[in-house]
Amino acid sequence: MSEIKIGDKVFTNQMSLQPLSESQIVRYETYRCNITKKIIKRGVSKTGHYDVMVRSWDKSPDWVVVKITPKRIGVLHKNDNRKDMDRTPTFLAYHFVKKEGAN
């Protein structure tokens, strides 16, 4: 495993909302959109949820390492152009971050 240093571009593995797959849908619910006035049909799981949280790796290295602690790596998104002191890094465990070019 290659050593991660401050300033490296990295891939992250984070949770995101994804729509349900066909095998997870047990029924469909319809509702009328107030804006478009159309009837919309969406799938519902057996627990009543409309989507699911999925952990996946980024497609491109959009994160830059800004701080390294013994247990976590602090990363900022490369498009975060705010110049004020409100740029708080997202801290992730080492196994959720991999260096660009590493497999």
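The values are calculated or read from the model by the stated rules, or taken from the named source; none is laboratory data. Keep in mind the model is a prediction, meaning the values are calculated, not measured. For neighbour counting, all protein chains shown are included, and Cβ atoms are generated from backbone atoms with ideal geometry for every residue, glycine included. SASA here: full protein model, heavy atoms, side chains in, ligands and nucleic acids out. Shrake-Rupley method; radii C 1.70, N 1.55, O 1.52, S 1.80 Å.
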Taking the conditions exactly as written (open to solvent by 50 Å² or more (accessible area, probe 1.4 Å), of a type outside the set (G, A, S), within 27 Å of D8 (Cβ to Cβ) and touching a residue at least 12 places away in the same chain (Cβ under 8 Å)), does H77 satisfy them or not?
yes
Kindly provide the set of residues from region 1-40 that are surrounded by 14 or more Cβ atoms within 10 Å (Cβ to Cβ) and touching an Asp or Glu at 6+ places or on another chain (Cβ under 6 Å), ordered by number.
K9, F11, T12
Select from region 61-74 the residues that are open to solvent by 50 Å² or more (accessible area, probe 1.4 Å), within 20 Å of M15 (Cβ to Cβ) and either part of a loop (DSSP other than H, G, I, E, B) or not basic (K, R) (or both) and list them in ascending order.
K71
Quick one: what pairs do we get from region 87-102, first residue closer than 15 Å to H77 by Cβ, second charged (D, E, K, R), C-beta under 8 Å, 6+ apart or different chains?
R87/D80; P89/K67; F91/K67; F91/R72; L92/R72; E100/D8; E100/K9
Going through region 80-97 one residue at a time, which ones are modelled with pLDDT under 90 and open to solvent by 40 Å² or more (accessible area, probe 1.4 Å)?
N81, R82, K83, D84, M85, D86, R87, T88, T90
